[in-house]
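Report on the following structure.
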Amino acid sequence: MRGIAVPMDSTSPTATEPSRALVPVLLFAALALAPLLGAFGAERYVLALLTRCAIFAIAALGLDLALGCGGLVSFGHAAFIGIGGYAAGILTANGIDDGILLLFVALAASGLFALATGAISLKTRGVHFIMITLAFGQMAYFVANSLKAYGGDDGLTLANRASFFGHDLLADNRAFYYLSLAMLLAVYLFARAVLRSRFGRVLRGAKENETRMAAIGFNPYPFRLTAYVISGMMAGVAGFLLAEQSEFVSPAFMTWQRSGDLIIMVMLGGMASLDGAILGAVFVVLTEELLSGFTEHWRVIFGPFLVLVVLFARGGLLGILTGRRHG
Amino acid sequence: MSTALLAVQTLNGLQLGVILFLIAAGLTLVFGVMDFINLAHGVQYMLGAYFAVTAYGLTQSFPLALALAIGASLLVGLILEAAIFRHLYGRDHLDQVLATFGIILFLNEAARMTFGANALSLSMPDALSGSLRLMPGLLYPVYRLVVIGAGIGVGVLLYVLVNHTRVGMLVRAGASNAPMVSALGVDIGRLFMIVFGVGAMLAGFAGALVAPIFAVEPNMGDNLLILAFVVIVIGGIGSVRGAFVASLLVGLVDTLGRSFASDVLRGVLSSSAANQAGPALASTLIYVLMAAVLFFKPAGLFPARA
C-alpha cells in the first residue's frame, strides 16, 4: 500500500487537522440533537424536514463517492433514488412490507442497475460520461412513467410504512428520523472506510492521474465500476427511505433536475469531502424549505446564488467555513 | 399502419428533427469550440418563444415578432456570455453544469413570474394557417411544412457559413484544437462570443418558430435540452453536420417510435403486453440509440476532433 504514490487531497477525510476532524462529530451531534427543536412546536414538521435532510445526505454521500472521490460526474443519480423508492413501493403494493426485505431489494435493484449502466457508461470519458449517465437516468424515468400497473406518471401511494421484525417501528416519526440518521451514520462510516482503504486510494489516484495509475499497474475500470455500484446503492437506500417517509413514490423522484440537485449538494458542500456532502445536502434542503416559505418563486433567488457560488466560492461551504480554497 | 399515417408521422418526425437541429447546432458549437457545457441553452429556446409572443402583442405582425425575438435572443445570449459564461470557459465541466443549472432555475422561474404558469400561444399568420393536400387522404398544415423548410434552410446556411467562410474556418479549427487557434493569433475571446451569440440566436429562433404550434410555457426548454444533448452526443460534439444528421435521426426515431412501437411489438408479444411495453420502449428508444452509438463509436458519428 505504501508503494502507491497518490497525492493526498487536502480536503480528503484523511487530512489530520484537528479542526477538520471535529466537523463530522459536530455535524452528527447537531443532527442528533436537532429534534429537540420540535419542543418549540410543530414537531411533526421539524421531524419531517430533518428526515428529508438525512435522506438526501445519504444520496449526496453516495454521489460524492463517485463524483468527488472517483471523478465520475454522474448526471443520472436520481434514477437510483427512484429505483430504491419503486422497490419499496412495488413490494408494498404486493403486500410485502418487511423493512429488511424491502431494503435488501432496494439495494439489489439499484446495485444491478448501477452495474449494468456503469459497465457501459464507464467506457466513456468526460462529457460523454455525463451525457450517457443522463441518458440512462432519463430511461429509468420514462420506464417508471409507463409502469401503468403501478400508477404510471401519477405515482404510487404506499398503503403502509414498512415493519421491522413485525413491529411497525416506522409509524413513529421520531423513530423514523433516528433510523434515517443511523443509516446516514452507517453510510458515512462505510464511505470513510472505503476511501481510506487501498481501494479508495486507487480510486482517488485514478482521478488525479489515470496514466500514472496505469503505469504502476492499475486498471482503473474495475475500481470505478465498483465505486459506481456502491454509489448507486447508497442512493437506492435514500430512495427507499424517501418512499417510506412520504408513503409515496412517483417518476418525479427521478427527474434530471433531481440529479442536478444532487450535484448541487455535493458541490456546494465542497468536493471530495464526505462531511461536505452531508453539509451540502442539509443546506440545500433547508434553504429550499426556507426560501419556499418566503416566496413561491424561491428559485429566482436560489439560481443566482448557485452562479455566485461557482464564480466566487470554489471550495464550497466547507471551504468557506474552514477558510480553505479547493483546487 | 396506413401509408398516410406513416407519411404524416414521418413529416412530424422531420419537424421535431429540424427544431432539435436549431437548438443542437448552437449547443454543439459552444460545446465543441469552447468545451463548455451550457445547460442554459434550453431556456434560451424558451425565451425565444416568449419574446415572440410579447413582440407579437406589441406589433401584431408575425414577421416583425420573429425578427424581434431573434434580436432579443441574440442580446440575451451576449449578455449572459459577457456576465457569466466568459468566466467559466477554463473551468471544470462541473462548475459549468452547476452555474448554468442555476441560470435555468432563475430564468424558468422568472418566466413564470412574468408570464404566469399557464401556457401561452402565438396566433399563426393567416397566410400559413391552411393545410396542404400532399396525397390522397393526407392533409398537412402549411405552417409545419414551413417549419421544416426553415430548419433545412438554416441548416444549409450554417453549412455554407461553417465550411466556406473565414469565420467558419476558424470555428472548425477551434472545434478541433482551440489552444492552437489561439496560439496562431486569432482573438479566441471574440470567436467564442460570435459562436455563443449565433447559438443563442438559433435557439431563440427555434423557440419563436414553434410558438404558434407548441404551448409556450416555463420549462418548455428543459426536455428539448436533454434531446439536444442526445443529438450532439450521437452526432459527435462540435460537428454541425453530425448535429444535422443526428437531429433528423432522433426526431424520426422518437416520433415514429411513439406512433408505432406498440404496433410493431404486437408482432412478437401478446396484445396487452405490447400495449404495456410499447410506450416504455418508445420513450426510451432514443436513449438506447445514444447508448449504442456511444458504445460502438465513443466520439459520435461525425467526430470533430480527430
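Structural remarks
- Packing around the peptides A:133-145, B:165-177, taken as the average count of other Cβ atoms within 10 Å per residue, puts them in this order, highest first: A:133-145, B:165-177.
- Over chain B, equivalent-ellipsoid semi-axes from the Cα gyration tensor in Å: 31, 25, 19
- Qualifying lysines (Cα of each under 22 Å from Cα of residue B:297; at least 8 residues distant if same chain): A:123
- Of A:296, A:210, A:247, the residue with the greatest mean-square motion in the GNM of chain A, using alpha carbon springs below 10 Å, is A:296.
- Chain A: DSSP helices with Cα axial extent of at least 27 Å and average Kyte-Doolittle hydropathy no lower than -1.0: A:43-64, A:99-121, A:126-145, A:173-196, A:220-246, A:274-294
- For residues of A:132-138, the mean tally of beta carbons on other chains within 10 Å: 6
- Volume in Å³ per residue [convex hull over Cα atoms, computed for the protein assembly as shown]: 168
- For chain A, the relative contact order comes to 32 percent (Cα pairs under 8 Å, sequence separation of at least 6).
- Rounded to two decimals, the Cα radius of gyration of segment B:190-306 over 2.2 N^0.38 Å is 1.27.
- For the protein assembly as shown, adding -39500 (n - 2.57) for each run of n ≥ 4 DSSP H residues and dividing by the number of residues yields -24500 deg cm²/dmol at 222 nm.
- GNM flexibility winner over chain A from A:78, A:57, A:313 (Cα, springs under 10 Å): A:313
- Taking only Cα atoms of segment A:130-214, radius of gyration then Dmax in Å: 20.1, 53
- Put simply, when B:191-199, A:284-292 are sorted by average Cβ atoms within 10 angstrom per residue, most first, you get B:191-199, A:284-292.
- Overall form of segment B:59-218: oblate. Here a/c, set by the Cα gyration tensor axes a ≥ b ≥ c, is 1.5 or more, and a/b is not larger than b/c.
- Under the span-like rule (Cα at least 15 Å along the axis, Kyte-Doolittle mean at least 1.6), DSSP H helices of chain B: B:3-34, B:62-83, B:142-164, B:188-210, B:220-235
- Inter-part distance where segment A:43-119 and segment B:124-160 are each reduced to a Cα centre, Å: 47
- Projected onto their three principal axes, the Cα atoms of chain A cover extents of 55, 43, 41 Å, largest first.
- Shielding by other protein chains, B:284-296, mean Cβ within 10 Å: 5
Each reported figure results from applying straightforward, stated rules to the coordinates on display, with no laboratory input. Source: prediction; values computed, not measured. Methodologically, a virtual Cβ is constructed for each residue, glycine included, from the backbone with ideal geometry; neighbour enumeration extends over all protein chains shown.
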